[in-house]
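Inspection log for the structure reproduced underneath, given as structure tokens.
The values are calculated or read from the model by the stated rules, or taken from the named source; none is laboratory data. If you're wondering where the values come from, they're calculated on a predicted model, not measured in any experiment. Glycine also receives a Cβ, built like all others from the backbone with ideal geometry; neighbour counts cover every protein chain displayed. Calculation scope for accessible area: heavy atoms of the full protein, side chains included, ligands and nucleic acids excluded. Shrake-Rupley method; radii C 1.70, N 1.55, O 1.52, S 1.80 Å.
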Amino acid sequence: MIARLKAKPLLAGQLLSALLLAGLVLRQAWPVRRDGVGEMIRALLFGDAVATALMLAAAYAFWTCRRLWRQRDSYVFHDGRRLYRGSTLSWPLPSIRDVVTERDGIGIPTLRLVVDDDSEVTRALVPLPLLEDSPEAVRGGVLFAATGMRGVPGGVSVN
């Protein structure tokens, strides 16, 4: 295990997205509650398109926060051959060149991997506001795992 996620922001995200979803569902279904369940479902699915899109976004946010909360204790880890982020992404350890801090598309500082695969795009590893450990410790752990598997770590100098 190299990096863990904070539990409180993930629980707060679940709570806020669940409340938003419940509020939107009630807003759509409440006016037609006396017409029956079928009419309520039709109002949810085919009523206000913006509200339906917001309900889908709130459900996706809830699902994402719940998935991250379940993986919070071992979000970034390695098995000696690959570095894993959650349960969806992985990279071979020999292809990892560096770990840098950059801002993502919406301005959140994120630890990103520099991977040697002939592309100039960095890979998002973990957003800093969700990171329980210090960014330097996670960077050091990733680089140690990546260079330690090839013999002498890259940060060691011999005099």
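From the gyration tensor of the Cα coordinates in region 1-48, what semi-axes in whole Å does the equivalent ellipsoid have, largest first, with each one equal to sqrt(5λ)?
35, 10, 7
Calculate what fraction, in whole %, of the accessible area of the chain sits on carbon and sulfur atoms when a 1.4 Å probe is rolled over the protein chains.
With neighbouring chains kept in place, the figure for the chain is 62 percent.
Could you pull out every residue, at least 5 positions away or on a different chain, whose amide H is within less than 5 Å of the one on residue 6? Hs are placed 1.01 Å off N in the peptide plane, and Pro or chain starts have none.
Under 5 Å from the amide H of residue 6 lie the amide H atoms of 131, 132, each far enough along the sequence or on another chain.
In debye, nearest 20: dipole of the chain around its Cα centre with unit charges on the Cβ of K, R (+) and D, E (-)?
520 debye
Between residue 51 and residue 137, what is the spin-label point distance in nm, taking each point 7 Å from the Cα along the Cα→C-beta axis?
About 4.7 nm separates the two model spin labels.
With no solvent and one point per C-alpha, what does the Debye sum give as log10 I(q)/I(0) for region 1-82 at q = 0.17, 0.19, 0.22, 0.23 Å⁻¹?
-0.72, -0.80, -0.93, -0.98
Considering the alpha-carbon set of the chain alone, what are its Rg and its Dmax in angstrom?
21.4, 83
Rank 55, 141, 32 by how far each Cα sits towards the positive end of the charge dipole of the chain (+1 on Lys, Arg Cβ; -1 on Asp, Glu Cβ) and give me just the farthest.
Highest projection toward the positive end goes to 32.
Show me, for region 39-48, the HN-Hα J-couplings you get by feeding each phi into the Karplus relation (A = 6.51, B = -1.76, C = 1.60, θ = phi - 60°), rounded to Hz, glycine and proline as x.
5, 5, 5, 4, 5, 5, 7, 10, x, 5
List the chymotrypsin sites (Phe, Trp or Tyr not before Pro) in region 62-144 that DSSP assigns to loop (not H, G, I, E or B) and whose Cβ has at most 13 other Cβ atoms within 10 Å. Which are they?
none
With springs only between Cα atoms under 10 Å, which of 125, 16, 111 fluctuates most in a Gaussian network model of the chain?
Judging by the Gaussian network model, the answer is 16.
Taking a cut-off of 17 Å, what percent of all Cα-Cα pairs in region 76-150 are separated by more than that?
39 percent
Considering only protein heavy atoms, what per residue accessible area in square angstrom results for the chain with a 1.4 angstrom probe? Don't skip to the end; give the middle numbers.
Numbers: 9990 Å² over 159 residues.
That works out to 63 Å² per residue.
Which cross-chain or sequence-distant (5 or more) residues have an amide H under 5 Å from the amide H of residue 98, H modelled 1.01 Å from N in plane?
114
In the chain, if the dipole is taken from +1 on Lys/Arg beta carbons and -1 on Asp/Glu beta carbons about the Cα centre, which of 3, 122, 46 is farthest to the positive end?
Farthest towards the positive end: 46.
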